[in-house]
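This report refers to the structure that appears directly beneath it.
The values are calculated or read from the model by the stated rules, or taken from the named source; none is laboratory data. Owing to the predicted nature of the structure, the values given are computational and were not obtained by experimental measurement. For neighbour counting, all protein chains shown are included, and Cβ atoms are generated from backbone atoms with ideal geometry for every residue, glycine included. Ligands, DNA and RNA are excluded from the accessible area calculation, which covers all protein heavy atoms including side chains. Shrake-Rupley method; radii C 1.70, N 1.55, O 1.52, S 1.80 Å.
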Amino acid sequence: MKYKTLFTPVKIGSVTVKNRFAMAPMGPLGLADAEGGFNQRGIDYYTERAKGGTGLIVTGVTFVDNEVEEHGMPNCPCSTHNPVQFVRTGRELTERVHAYGAKIFLQMSGGFGRVTIPTNLGEYPPVAPSPIPHRWMDKICRELTVEEIQSIVRKFGDGAYNAKRAGFDGVQIHAVHEGYLIDQFAISLFNQRTDAYGGCLENRLRFAREILEEIKRRCGEDFPVTLRYSVKSFIKDWREGGLPGEEFQEKGRDTKEGIAAAKLLVQYGYDALDTDVGTYDSWWWNHPPMYQEKGLYRPYCRLMKETVDVPVICAGRMDNPDMALEAVEQGVCDMVSLGRPLLADPDYVNKLRAGRLEEIRPCISCQEGCMGRIQEYSMINCAVNPQAARERAMAYNPACGKKRILIAGGGVAGCEAARVLAIRGHQPELFEKSGRLGGNLLPGGAPKFKEDDLALVKWYEHQLKLLQVPVYLNAEVDKKLVDSGDYDAVIVATGSRPKVFSLGDDEKVYTAAQVLLGEKDCGDSTVIVGGGLVGCETALWLAQKGKRVTIVEALPKILAVNGPLCHANSEMLERLIPYHGIQVVANAKVTGYRDGLLSAKTGEGVRQIPCDSVILSVGYREEDTLYRELEFEVPELYLLGDARRVSNIMYAIWDAFEVANHI
């Protein structure tokens, strides 16, 4: 009953949504067929979130134009490319979603403009409101003609009409948001036109207004049209974004103009504002990594609630149900939008309604499976949920015959393997040599900004308890244990160990894990050897605790290898390092540590850095000793996680799921 308010209906225009939860739009890469319709993966993906209780499904971005701006068809669905195919596949999608009492809006894009993904450009030059620099490439964009703008507007009408025919309950325009093409028209930094689409705010919003008017003309006034809307841009300069708490001169849309624009947009007739902040020049705001606080858009949503009289939807790491409840009850927003949390657990809403909070699989904001894979591989997935956007292909395979399976190692790979095996009907037994499950998630989750790593450990502990998987702690597996157990199969997931080396005075030389777990005190000043992800996150955590930190990195820059896949994560972390006063010595090789001085050889000679301790963060080595002992002794033997290949959380979970689902 505590969360009952979140399960009250809300109206968007003429449409009543059954609860206060929306699925936030996320790029539907890999979910389109060859003709711009929805493929089976896309239909299953959205239906699964409707089945999980979400009141409003907002699809990821779909395109209306593929002539003015090339989008690498069939990269995403397109409502105008082949209308018959779009309506046919869209109808199957909406009918299945509606079976669960959910509503579904199609998100429609006018184009990306200066933020177009370079691999999607083909031979076409990037377009924009004016001849301005592209976000990613050293190119100047071509200015759109008035005829091209009006062509895109007409296609919005065509696309919305096709969406209505396909059974969509409304549309969302993408948007005066995040620095995409329509937002570029709205922001004076990007829009230097002198015609009717440039100059004053009303002119800069003309594109967004004409799109709305065309859709209402084609589909009727009672067909809801919502807007994805960014209140503030956080642009310091071209390709430079501001950090949380940083003072700078806003060069994009500031909150004063954000309020004025919102009033105009609602006056034009938009039926709801799906609110966030940021642009791709500051894209750690619009795609917030774990380094951003939870619920970061709430202040801006409250501004919108005080400004407009249409529903306000709030996204931005809103997975904490207490935070969501407070936001709705205190008038911060009308609906809570969950993006990545619904990738991690499509049943989030139903589990919350049933009071099964401990069963909600947490999103860890790593962006490895979602934004990172969209950016690098043009597909959307989830690091902690291997079934996301692959619901049918990765469905659980019921076991034909029960097997008794020993799992050595209680890190994330071992836990995932045990969970999947138990669901399928096998009988796994998990052995962990330490006193707690979690493996490298335990030191990794020590910083406050990595709290969801520990939440994932807690989730696995609860899942294994629910599934009645025997878990033996402080129990190291050896060949004798395996031989005496009469097991049908053995999974070795014994993890990895930190690489270490001697620097001379090793009494004050620690591993990052030792410091993160509180086993060693680094003192007031420390040098971290290694500027990879672990080294940088450890440095940030220590600096936030008031320590003086220096990173020594052998390569020319930090995060040069094995950094986060999503550049929103890596670029924010790169900027947080100097912002928090952390010194970086690159192109340097550590040669020794004596009498409180670390020696490092640089291009300018040997540099000595005074410090109370040295923290080694130079990678991990596979711990596969047990596997080698059993390799020719156990007929059915599997090697998983870091024990097979040191990687990240995503591949530990994915590989474990793949193997455990097919034993």
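I need a count of the residues in the range 322-372 that are assigned to a helix (DSSP H, G or I), more than 26 Å from ARG392 (Cα to Cα) and touching an Asp or Glu at 6+ places or on another chain (Cβ under 9 Å). Break it down into steps so the answer makes sense when it comes.
Of the residues in the range 322-372, the ones assigned to a helix (DSSP H, G or I) are 322-329, 340-344, 348-353, 357-359, 371-372.
With the extra rule that they be more than 26 Å from ARG392 (Cα to Cα), the set shrinks to 322-329.
Still in the running and touching an Asp or Glu at 6+ places or on another chain (Cβ under 9 Å): 328.
Within the range 322-372, residues that are assigned to a helix (DSSP H, G or I), more than 26 Å from ARG392 (Cα to Cα) and touching an Asp or Glu at 6+ places or on another chain (Cβ under 9 Å) number 1.
When you check GLU92 against the structure, is it farther than 18 Å from LEU181 by Cα, at pLDDT below 95 and either over 22 Å from the mean Cα position of the chain (by Cα) or not in a loop (DSSP other than H, G, I, E, B) (or both), yes or no? Explain how you work it out, then say what you get.
Values: farther than 18 Å from LEU181 by Cα: yes; at pLDDT below 95: no; either over 22 Å from the mean Cα position of the chain (by Cα) or not in a loop (DSSP other than H, G, I, E, B) (or both): yes.
Taking the combined requirement at face value, the residue does not satisfy it.
Are there any strands (runs of 3 or more DSSP E) wholly within the range 467-571 with 1 or more residues that are touching a Cys at 6+ places or on another chain (Cβ under 6 Å), within 25 Å of ILE609 (Cβ to Cβ) and modelled with pLDDT under 95, and if so which?
Fully inside the range 467-571 and qualifying: nothing.
Read through the list (1) under 28 Å from GLU359 (Cα atoms); (2) open to solvent by 50 Å² or more (accessible area, probe 1.4 Å), then give the number of the only condition that HIS462 fails.
Exception for HIS462: condition (2).
Does the range 10-26 hold any residues that are at negative phi and surrounded by fewer than 21 Cβ atoms within 10 Å (Cβ to Cβ), and which are they? I'd like the intermediate steps shown before the answer.
Restricting attention to the range 10-26, the residues satisfying the condition of being at negative phi are 10-12, 14-26.
Within the range 10-26, VAL10, LYS11, SER14, VAL15, THR16, LYS18 qualify.
Any residue in the range 13-23 that is under 20 Å from ILE374 (Cβ atoms) and touching a helix residue (DSSP H, G or I) at 6+ places or on another chain (Cβ under 9 Å)?
Yes, the conditions are met somewhere in the range 13-23.
For the range 609-618, which positions are within 28 Å of the chain's Cα centre (by Cα) and not aliphatic (A, V, I, L, M)? Walk me through how you get there before you give the answer.
Looking only at the range 609-618, we keep the residues that are within 28 Å of the chain's Cα centre (by Cα), and these are 617-618.
Matches in the range 609-618: SER617 only.
For the range 105-214, give me every one of the helices (runs of 4 or more DSSP H) that falls completely inside it and has 3 or more residues that are within 29 Å of the chain's Cα centre (by Cα).
Values: elements: 146-165, 181-186, 201-204.
Passing ranges, in order: 146-165, 181-186.
Which ones in the range 1-47 are closer than 18 Å to VAL349 by Cα, outside any strand (DSSP E or B) and of a type in the set (S, T, N, Q)?
Of everything in the range 1-47, those that are closer than 18 Å to VAL349 by Cα, outside any strand (DSSP E or B) and of a type in the set (S, T, N, Q) turn out to be THR5, THR8, ASN19, THR47.
Which one is least open to solvent (accessible area, probe 1.4 Å) among residues in the range 286-321 that are closer than 26 Å to LYS450 by Cα and in a helix (DSSP H, G or I)?
CYS301
Return the only residue of ALA383, ALA389, ALA413 being in a helix (DSSP H, G or I), buried (at least 24 other Cβ atoms within 10 Å of the Cβ) and of a type outside the set (Asp, Glu).
Working: ALA383 fails: in a helix (DSSP H, G or I); ALA389 fails: in a helix (DSSP H, G or I).
Sole residue among the options that is in a helix (DSSP H, G or I), buried (at least 24 other Cβ atoms within 10 Å of the Cβ) and of a type outside the set (Asp, Glu): ALA413.
Read through the list (1) under 27 Å from GLY170 (Cα atoms); (2) under 25 Å from the mean Cα position of the chain (by Cα), then give the number of the only condition that GLU293 fails.
(1)
Across the range 619-658, what is the total count of residues that are in a helix (DSSP H, G or I), β-branched (Val, Ile, Thr) and under 25 Å from the mean Cα position of the chain (by Cα)?
Within the range 619-658, residues that are in a helix (DSSP H, G or I), β-branched (Val, Ile, Thr) and under 25 Å from the mean Cα position of the chain (by Cα) number 2.
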